[in-house]
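The structure appears below as structure tokens.
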Amino acid sequence: MYGSLDISTSGMVAERTRFASISANIANRNTLVDSQGRYNPYRRREVMFASGDPSASTTEGRALGVHVARVSINEHALIEKHDPDHPFADERGYIKVPDINPIVEQLNAMEAVRSYEANVQAAEATKTMLSQALRLLA
């Protein structure tokens, strides 16, 4: 029974990380300079999940659930925009801007929230079943 709670918890942690990455993508969709003030357009972050939970305390628990395998930066997620007056424009008058579609990011955010909520519901159902089982034993 506790394995079910571990699975739901690992799903919630993974989806929270995914949502944070999506939020960063939306917040930085117009960012063209890095923290040192150099022209370095923000690149979209993508969260990759893998099965299992390496942080679990038991061998059986490590085989269950999900974890964030990596957060990758899509180096090719830039598009050219014609803006000859921009200080970072090249000789052709183009600048590279992040290729982040806020609609796609919002849909991904909704999916992450729904998955998180599904894991919460599964954890609540597991807690209810444990409570009922303990009540029957008492």
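The values are calculated or read from the model by the stated rules, or taken from the named source; none is laboratory data. Note that the structure is predicted; figures quoted are calculated from it, not measured. Cβ placement follows ideal geometry from the backbone for every residue including glycine, while neighbour counts extend to all protein chains displayed. Heads up: the accessible areas ignore ligands, DNA and RNA and are worked out on the full protein's heavy atoms, side chains in. Shrake-Rupley method; radii C 1.70, N 1.55, O 1.52, S 1.80 Å.
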Residue check, residue 20 against (1) touching a residue at least 24 places away in the same chain (Cβ under 8 Å); (2) farther than 30 Å from residue 130 by Cα; (3) not acidic (Asp, Glu), all met but one. Which one?
-> (1)
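Can you confirm whether residue 27 is free of Cβ contacts under 8 Å to residues at least 40 places away in the same chain and either touching a helix residue (DSSP H, G or I) at 6+ places or on another chain (Cβ under 6 Å) or of a type outside the set (Ser, Thr, Tyr) (or both)?
Judged against the criteria, residue 27 is a match.
Condition check ((1) in a strand (DSSP E or B); (2) basic (Lys, Arg); (3) open to solvent by less than 50 Å² (accessible area, probe 1.4 Å); (4) touching a Leu at 6+ places or on another chain (Cβ under 8 Å)) across all residues:
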{"site": "18", "(1), (2), (3), (4)": "no, yes, yes, no"}
{"site": "25", "(1), (2), (3), (4)": "no, no, yes, no"}
{"site": "43", "(1), (2), (3), (4)": "no, yes, yes, yes"}
{"site": "81", "(1), (2), (3), (4)": "yes, yes, no, no"}
Name the residues in segment 92-124 that are open to solvent by 50 Å² or more (accessible area, probe 1.4 Å) and of a type in the set (A, V, I, L, M), would you?
-> 103, 104, 107, 110, 113, 118
Of the residues in segment 64-86, those that are over 14 Å from residue 44 (Cα atoms) and charged (D, E, K, R) come to 80, 81, 83, 85
Looking only at residues in segment 45-78 that are under 22 Å from residue 94 (Cα atoms) and open to solvent by less than 70 Å² (accessible area, probe 1.4 Å), which one is modelled with the lowest pLDDT?
-> 77
Given the conditions (1) open to solvent by less than 60 Å² (accessible area, probe 1.4 Å); (2) without any contact (Cβ under 8 Å) to a residue 40 or more places away in the chain, which single one is not true for residue 87?
-> (1)
Look through 95, 103 and report the one residue that is more than 28 Å from residue 9 (Cβ to Cβ), at pLDDT 95 or above, in a helix (DSSP H, G or I) and not hydroxyl-bearing (Ser, Thr, Tyr).
-> 103
